[in-house]
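Written out below as C-alpha cells is the structure these notes cover.
The values are calculated or read from the model by the stated rules, or taken from the named source; none is laboratory data. The structure displayed is predicted, hence computed values, not measured ones. Note that each Cβ is placed from the backbone with ideal geometry, even for glycine, and that neighbours are counted across all protein chains shown. For accessibility, only protein heavy atoms count, side chains too; no ligands or nucleic acids. Shrake-Rupley method; radii C 1.70, N 1.55, O 1.52, S 1.80 Å.
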Amino acid sequence: MKVDKEKQLKIIPKLMVFYAITALSLLPLLNYLPFDMNFDGDMKTLIWAWSVMYLALVTPFFTGGIVISLVFENCSSESHGLYFYDLLGAGLGCVFLIPFIPYYGTGGMLFVVASILLIAAFVFSNLPMKALSWVIPIILVIALYPVTRDNYIEFKGHGNKRHVDEYIKDGKRDYVRWDPVSKLGVYNIHHNAKYFALDGGQQASWLTQFDGDYDQYDKEMRDNPETFYFGLSSASHFLKRHVEPDVLILGAAVGNETRTAVILGAKQVDSIELVGAMVDAAKGKYSEFNGNSFNHPKVNYRVGEGRTFLRSTDHKYDIIQMFSNHTSSSIAEGSGALMAAYLQTAEAYIEYFTHLKDDGILSINRHIYPRMLTTAALAWS
C-alpha cells in the first residue's frame, strides 16, 4: 500500500513535540519510580518499576528513530547529504554539550534537549514565520529555566552508594557541582573532614582539616627520624625524605598524598586530577579548610589525565604515585582515555618507568594488584 508522502512529513513535527515531552517526563518519572540499584525490597515492585523505567528510557530514542526513518524514506534522493548532516549534528552535539554540563547538570540538560527538539518541530511544521512571536518565548523559557534556579534539577538517587543518598536526605550535602567527567558532591560528615564523593558515591576522597602549619611536624620527625609515618600513602615519600624528591601524583583527588609529600621534604609536587570540579573546590571554596595545601608554592595541582600529562613532559621524578585510582564514573566506564584501565596498560607503565629517575619509586595502590604486577613486568621487559 502506498503511503502518502505529505502525510508522513506532517507527522514529523508532532513526533518531535512528543519526543520533547517524553524527554522532559523522564525527570519526574524516574524520581517517582521505586526502583533500587541494590535490588532491595519487594520483588514485584522492583519488576514493575524497572520495566516502566526501561520503557520510559526507550520511548524518546524510539521516537527519534521513527523521525529519522521518515526523513530518509521520504528524501531518499538526498540520502548522502542527510547522512552527512546526521553525523555532523551528532558530533557537534557532543562537543557543544560539554560546556553546558557544569551549569545545567544532567536533569537540566533535558530542558536543553527539549528546546532543541521544539526548534526542529517548528522547522518541519507549516507554521507561518509570525508564529515565532510565541514559539521563541516558549522555547527560551524551557531552555533557560534550569539556570534560573539556585540548585541543579536532579535525579533522585536510587543506589545509596556509600550512604550518599542518606547524607542528602539528612541535609549534610554542602556543595554540588557537575563536571564534564563526573558529578562532585561535598558532604559534612565529620567536623574535621569533608567527604568529596563522585557520581553519587561511586568514588570518594577525604579532604582533612589542616591549619597550614607545616612546622608542627618538624619536632616529631626530629624525635622519631625512622618511625614517622602518615599511613600507606606516605611510604614512598618517607623513603625519599632525605633527597628533596620531585613527586608526581596521578589521580590526586583531595587526598593527603600531596600534603604529605610537602611535609616530608618534596622539592616539587605535580598533582594531576581528572575532575576539574574537584580541583576548583579544593583550591577555592575549601582552600582555607585544608590550609591551602593545594595552593602551596611547591604544589602544581591541576586538571589533567595522567598519561597525557606524562607524554607532554620530559621531566623525570623521584616518585610517581597513584593511590586508589580506579574511576567508576558513567562516562569513564566507556570513554577510552578516561577509563581507569587506561592507566593500567603495559604502554602506561612504560610511560611511568621512562619518567622515573634511576632510583625512582613507582607507588600504586590498586585492588586488582596481581594483574597490575604482570602488566608492569611486561612493560619492564
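Worth a mention:
- Among (1) farther than 15 Å from ASP318 by Cα; (2) in contact with a strand residue (DSSP E or B) (Cβ under 8 Å, 6 or more places away or on another chain); (3) in a helix (DSSP H, G or I); (4) touching a residue at least 40 places away in the same chain (Cβ under 8 Å) - the single one VAL262 does not satisfy: (1)
- Within the range 231-250, restricting attention to residues that are among the hydrophobic types (A, V, I, L, M, F, W, C) and within 29 Å of the chain's Cα centre (by Cα), the residue that is farthest from GLY360 (Cα to Cα) is LEU232.
- Criterion (among the hydrophobic types (A, V, I, L, M, F, W, C) and either closer than 28 Å to PHE196 by Cα or at pLDDT below 90 (or both)) met by exactly one of ILE368, ILE350: ILE368
- Near pairs, Cβ below 9 angstrom, 6+ apart or cross-chain, from the range 50-61 (open to solvent by less than 50 Å² (accessible area, probe 1.4 Å)) to any residue that is β-branched (Val, Ile, Thr) and at pLDDT below 95: PRO60/VAL113
- Only one of SER25, SER51, SER79 that is more than 30 Å from the chain's Cα centre (by Cα) and part of a helix (DSSP H, G or I): SER79
- Near pairs, Cβ below 6 angstrom, 6+ apart or cross-chain, from the range 105-117 (under 14 Å from ARG177 (Cα atoms)) to any residue that is of a type in the set (Phe, Trp, Tyr) and surrounded by fewer than 20 Cβ atoms within 10 Å (Cβ to Cβ): GLY105/TYR152; GLY107/PHE155
- Residue in the range 144-176 that is farthest from VAL279 (Cα to Cα), counting only those that are β-branched (Val, Ile, Thr) and either more than 20 Å from the chain's Cα centre (by Cα) or open to solvent by 40 Å² or more (accessible area, probe 1.4 Å) (or both): THR148
- Considering the range 177-208, and only residues there that are among the small types (Gly, Ala, Ser) and in a strand (DSSP E or B), the residue that is surrounded by the fewest Cβ atoms within 10 Å (Cβ to Cβ) turns out to be ALA193.
- Qualifying residue in the range 18-34 (condition: within 15 Å of ASN126 (Cα to Cα) and modelled with pLDDT of 90 or more): no
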